[in-house]
Amino acid sequence: LARSIQHTSVRQAHRKYEPDFHDKYGNLVLLGGAAVFTTVWGYVLTQLGMEWGLSPVGRITPREWRE
């Protein structure tokens, strides 16, 4: 058993390494995703007209109490 495991590991070590999808395109996909993320959030934060004051003081007026 140990000899067969040794043979298998030697055989795999001598096999030529072929790059897979992640080796070929991994960084490209990562950069593309980062660009889309940045573009979408840049649009959301600048164009949707949100008000970024976090304190509600002076903005929220209480309604009259109904009995």
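Values as computed for the structure displayed
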item: Karplus 3J(HN,Hα) series, Hz, for region 23-38 with 6.51 cos²θ - 1.76 cosθ + 1.60 (x for Gly, Pro); result: 5, 6, 10, x, 5, 5, 5, 4, 5, x, x, 5, 5, 5, 4, 5
item: Simple label model, 7 Å out from Cα along Cβ direction - His22 to Val44, nm; result: 2.7 nm
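Values quoted throughout were computed directly from the atomic coordinates according to the rules given, and no laboratory measurement underlies them. What you are looking at is a predicted structure, and each value in this text was computed from that prediction instead of being measured. Cβ atoms come from the backbone with ideal geometry, glycine included; neighbour counts cover every protein chain shown.
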